[in-house]
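The values are calculated or read from the model by the stated rules, or taken from the named source; none is laboratory data. The shown structure was predicted, so the numbers you read here are calculated from the model rather than taken from an experiment. Because the Cβ atoms are built from the backbone with ideal geometry, glycine has one as well, and the counts that use them run over all protein chains shown.
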Amino acid sequence: MTYFLSRNLPTHFHVMHYIYKINTHILRRIPPPSSAMYRRLQESVTRGDVPALRELIQLDEKSVEHATFGPHNNTILHVAAMFGHADYAAEVVGAWPEMAAAENAELETPLHHACRQGHLEIAKLLLEIDPWAAYKVNSRNESAFYAACERGRVLVVRHLAASFPGLLMLDMDMEATSLHVAASSGNIEIVKEIVKQRPDFAWRKNHHGCTPLHLACSKGHLEITRELVKLDSDLCLIPDGGGRTPLHCAAIKGRINIIDEILSLSLDLFEATTNNGETALHLAVKNNQYEVVKYLTESLNITKLLNMQENDGNTALHLATAGKLTAMVIYLLKIGIEVNCLNGKGYTALDVVESDASNSGALLIVPALLEAGAKRCDQLSPGLADIPHLAEPGSRRFGEASRMRSPLPPWPNAGRTPRNRGCKNRHRASKLELQNEGLRNARKTVTIVAVLIATVTFAAGINPPGGFSQGTGKALRGDRAAFKAFMVCNIAALFLSVGVVNVLVSIIPITRRTMMRLMSATHKVMWLSTLFMTAAYIAAVWTIMPEDRGARWVSVELVVFGGGCSAVVFSGLAWLLVRHWRNKYLWRKAKIKRIKEESPHSSVSRVDELKIMRRSHDNSSTNSDVDSSDHGYHLY
């Protein structure tokens, strides 16, 4: 019965309102109160002065009954309920009980005002006079219960929920339920009260497609988020109208505590994307939520999502540069994001920031990008010139794209969209970053080892094996062949190491190719230096050994064992190096064959093929090292 009445209440209320308007029209024949009486009535209802009200009723009862205030035409009972004057309200309904159902211009009864302001005593009084007032809705289709939930009036909500269980049925015809407003206002007690009676409201969506959990996460209400998630963790998977999950809403507003709570349920929730293909990282960057980005990158392993592109092909770095977010760009570069990924328009991050260099933020972003190795799209592979939108008339890069065209066959990747190519290259980009980091670490290690060898050989040179003569200061074993071999090897190791140190501290490479060549050269010199140091050590031990036959056998065993270990190590490294060179050769050969197969009608000479190979990447040797390696490492 309650359900039937609640479904038909709007029609019933509109009929009653129509009758009320007719009565009001008839009663307009009653002259309005004088200005002096109107002021006295307004003062009495504002102060809650009951004696003054009684005096005015005796003077002109009809004028007091039909007096209205403000633009919404509130009666004296509306105003008394708004200010919380319980005695005054009791006096009014005692004189005119029908006024408990009176509506103002917004179709609100005095109960709406009492519940909105949290005046429980007046609400009880009005409900005793007219219980049906609890089911009336205003012009926005909101009941008094909804108004109490919106303002967080816990005592009023509990009383209404206990006295009128069918009240929540009024929300069935509304897009935003009382649970939506309670979750948005942040009152956990009201949320618990509603969920206890109507748990299905947790799945209802408002006109924006948001569930109550979306609103709670956006506002940062942690306790309400926990209460709703405890009801059903699948609520975290429901998207709103734009495909945003509650995690996305929290990332947009920078609610780290909410993000931590949701991800504690499942880390897979971070991989969810919006209708535009945006992850929580994209949304955090776009809305300049630096702390959220820092939390996500430091707390989670998001390597595979770091360079993910949304539907327009933009990575997080593209979005940061487009918004001129200097601190965000510097942080993303620091954690190793790919700097030369192309978006849907074929632009790199450097292109995006240079397209609008009027902002002062670009003055800091451009140098940071260049230092990280960023390039413009016209500095990348020639095949990128065949992207259609780069060659459209009126495009900023139309001239460059036209000049880049040539009779050479199109690049194998030219038929793919920039986004697909970027997606395929994400793993390769991470390998390149690991290679760059490994080269930087190797440079530091070689420098330290070279200094160590120089220190050891210098000390051995001024303190030779066998000691000095106290009279002449000459080496006692200087006439032996083993001593002479020691000095030659020791001096060679010393000066080769010093040379390596001087080269590494004097040359600062700025490209991968230069770094590769530098490391390859210095590394080979370090091989020689360590070989000479090993030989110097064996010769020194041979020099100081006694002349008897047993000692000689010990020396021979030392030479065989030490020399054998060194030979095994260097032979193994040499074999790995040769195998890596072979893999690179086969990789280059396969790449040229692939180019021929994709351009069967073009006549390309061997020289042109090699030119294409060299043009494909500025750091071809470094890239071939990475692409041809199938063991997770390579030698140089």
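Things to note:
- Counted as qualifying within the stretch 226-312 are the helices (runs of 4 or more DSSP H) with 3 or more residues that are aliphatic (A, V, I, L, M) and within 21 Å of L215 (Cβ to Cβ), namely 246-253, 256-263, 280-286.
- Looking only at the stretch 491-506, and only at residues there that are surrounded by 14 or more Cβ atoms within 10 Å (Cβ to Cβ) and within 44 Å of the chain's Cα centre (by Cα), the one that is nearest to N441 (Cα to Cα): L504
- Matching residues, the stretch 277-329, being among the small types (G, A, S), closer than 19 Å to K345 by Cα and surrounded by 24 or more Cβ atoms within 10 Å (Cβ to Cβ): A316, A320
- Hits in the stretch 314-358 (condition: of a type in the set (K, R) and touching a helix residue (DSSP H, G or I) at 6+ places or on another chain (Cβ under 9 Å)): K324, K345
- The residues listed here are A89, A134; of these, the one that is modelled with pLDDT of 90 or more and not in a loop (DSSP other than H, G, I, E, B) is A89.
- Number of the condition not met by N301 [criteria: (1) closer than 18 Å to A368 by Cα; (2) at pLDDT below 90; (3) among the polar types (S, T, N, Q)]: (1)
- Among the residues making up the stretch 137-155, those that are buried (at least 21 other Cβ atoms within 10 Å of the Cβ) and part of a helix (DSSP H, G or I) are A144, F145, Y146, A147, A148, C149.
- When I57 is tested against (1) without any contact (Cβ under 8 Å) to a residue 40 or more places away in the chain; (2) touching a His at 6+ places or on another chain (Cβ under 9 Å), exactly one condition is not met: (2).
Let's see how each residue does on (1) surrounded by fewer than 21 Cβ atoms within 10 Å (Cβ to Cβ); (2) at pLDDT below 90; (3) not hydrophobic (A, V, I, L, M, F, W, C):
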position: D171; (1), (2), (3): no, yes, yes
position: M174; (1), (2), (3): yes, yes, no
position: G220; (1), (2), (3): yes, no, yes
position: V229; (1), (2), (3): no, no, no
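- Exclusive hit being modelled with pLDDT under 50 and part of a loop (DSSP other than H, G, I, E, B), set P31, P71: P31
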